[in-house]
Amino acid sequence: MSSSTRRGALRRWLVDGLVTGFLLLIGGFGSHFAQENQQATGTLRTPLDALAYGLIFGAAAATILRRRWPVSVLTVVAGMTAAYLILGYPYGPIMISLAVVIYTVAERLPLRRAAWVGGAAFVLLALHAFVPFTDPTNTKFGGLLPAAAFVAVPFAIGVTVKVSREAVARSRADEARRIADDERLRVAQEVHDVVGHGLAAINMQAEIALHLLPRKPEEAEAALTRISRSSKAALDELRVTLSVLRQRGDRAPAPGLAQVPALRDRLAESGLPVTLSVMGDVGELPLAVDLAAYRVVQESLTNVLRHAGAATAAVVITHLPDWVVVEVTDTGRGGVVPPGAPGHGLEGMRERVTALGGTLAAGPLSGGRGWRVRAELPVTPDADSDPDSGW
């Protein structure tokens with residue numbers, strides 16, 4: 001048993017002990033006052049004696065085991081209470097002990113079983129209203145009302161608490177599933193961005209190598225060398241990404257706009273000339289914004305590499321006091337979108353940007369030649385909370 005489990009069990013026993021102690025205390029003093037009250041009103045049938053106090057204290061003491069054996073404890077407490085009432089002792093705190101156990105049964109058992117057990121306890125209590133059985137005119141139906149109240153009210157409270165607790169547990173489980181789903185989607189997006197970019201570059205170089213191999217094997221060898229470098233870079237970035245995702249404490253630095261020049265150089269080796277222009281005050285960006293902006297550039301250039309054909313690309317990064325604007329344009333086949341559009345890449349970019357309160361627009365340039373992706377991201381302090389929150 002773990003230490004937290006032991007502490008929980010000890011806390012439950014402590015609470016149950018305090019409840020039982022309270023019932024013993026109120027049973028001893030409260031029953032005496034109940035007797036004096038019924039003596040004053042002339043309704044007392046049988047004065048309290050040793051047997052009465054034995055039943056009172058026995059019922060109270062049994063409640064300490066009510067969580068462990070709720071049905072057995074209710075059977076004992078209901079039997080003692082019924083005997084107490086049948087013998088004519090005054091209504092008093094022994095009914096509180098019964099109410100506590102009824103509550104526990106309703107709160108811990110399935111509803112149908114709890115209803116049957118609670119109903120049986122009420123029938124047992126109701127017997128005192130017909131004693132003595134040999135005198136039908138001596139029925140005390142007035143005693144049924146308090147007996148019913150001491151069963152129905154705690155039963156209803158117990159069921160309500162149980163339903164509320166189950167609703168909270170379901171809500172927590174739903175929230176845990178939602179968080180897990182968000183985490184899986186975020187991981188899928190990160191892997192897509194890293195692996196998709198690397199595979200696109202490798203695919204481009206492989207096509208070039210296959211095309212040059214029969215006629216210019218020396219250039220094909222250069223293309224194969226670039227494939228090796230691209231695959232190593234993609235594997236290194238994937239390894240870093242997975243390492244960051246595995247960590248629970250301090251995280252390794254996430255990719256950001258500072259890595260765009262290296263991205264540009266890798267794509268140039270893959271056959272995609274990229275020009276980079278940075279305007280404005282290049283200060284420190286919130287980590288989530290920096291990561292999202294980098295992923296927009298990376299995914300946009302990967303799409304150019306995949307779908308634009310022979311083309312060039314331009315990246316313009318504009319830093320404003322409250323915004324960072326990323327714009328990627330190309331000179332390829334504008335308006336040509338692969339089947340299944342908009343695809344995971346464009347959709348992933350939009351989700352990253354909108355999650356941070358920004359906007360993203362993508363579409364062909366005027367004249368039908370070329371494509372443009374433009375993302376505007378707000379630079380806000382709360383975006384700095386988690387470098388992965390931009391998913």
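Derivation of every value follows stated rules applied to the coordinates shown; laboratory data play no part. Keep in mind that this is a model prediction, so the values were computed, not measured. Cβ: placed from backbone, ideal geometry, glycine included. Neighbour counts: every protein chain shown.
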Hey, rough spin-label estimate for L144 and F33, points 7 angstrom out along Cα→Cβ, what's it come to in nanometres? 3.1
Within the range 31-130, list the trypsin sites (Lys or Arg not before Pro) lying in a DSSP loop whose Cβ has at most 15 other Cβ atoms in a 10 Å radius. R45, R67, R68
Between V168 and R11, what is 0.36 nm times their sequence separation minus the Cα-Cα distance? Round to one decimal in nm. 54.4 nm
Roughly what would the spin-label model give for R177 and S277, points 7 Å off Cα along C-beta, in nm? 5.0
What is the distance, in nm, between label points placed 7 Å from the Cα along the Cα-to-Cβ direction at K216 and at S72? 8.9
With 0.36 nm assigned to each residue of separation and the Cα-Cα distance removed, L18 to T354 gains 115.6 nm
Near the amide H of G280, under 5 Å away, which other amide H atoms are found, from residues 5 or more places off or on another chain, if H is placed in the peptide plane? H319
